[in-house]
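One structure below.
Every read-out reported here was derived from the displayed coordinates using simple, explicitly stated rules and does not represent laboratory data. Not measured: the values here are computed from a predicted model. A quick note on method: Cβ atoms are made from the backbone with ideal geometry, for glycine too, and the neighbour counts reach across all protein chains shown.
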Amino acid sequence: MELIDMQCDDLLRYKFHSKDVSLTDFYAKYIFPSGKYTSLVASLFGSTYQCEQLFSKLKQTKNNLRTRLTDNHLDNILLLASTSLKPNIEKLSRNKKHQVSH
């Protein structure tokens, strides 16, 4: 909500367009003068590509066959789908005790 308020603020828009500064410098000077959140805000919208990829994976996961997934399940699935780590299944299976049925 605060982001929408900042986008609609005519005074901030005027200050941004009247100065020849980068968006990061503008946020550092006018929005967060203490510098506490400057790096956070600068990195929030850094890559729309990653957001688009994540929503694409969400769309693939949440199709009509999987409508019963909870938000927790979707969070876990997206975390696995977006990570670059490869699990070592052999090592994991060696560390587990196998239980055979009777």
Can you list the HN-Hα couplings for region 85-93, worked out from phi with the Karplus curve (6.51, -1.76, 1.60; θ = phi - 60°), rounded to whole Hz and with x for Gly and Pro? 6, 10, x, 9, 5, 4, 5, 5, 6
For 89, 77, ascending order of other Cβ atoms within 10 Å (fewest first) is 89, 77
Ranked on Cβ counts within 10 Å of their own Cβ, fewest leading, 98, 73 go 98, 73
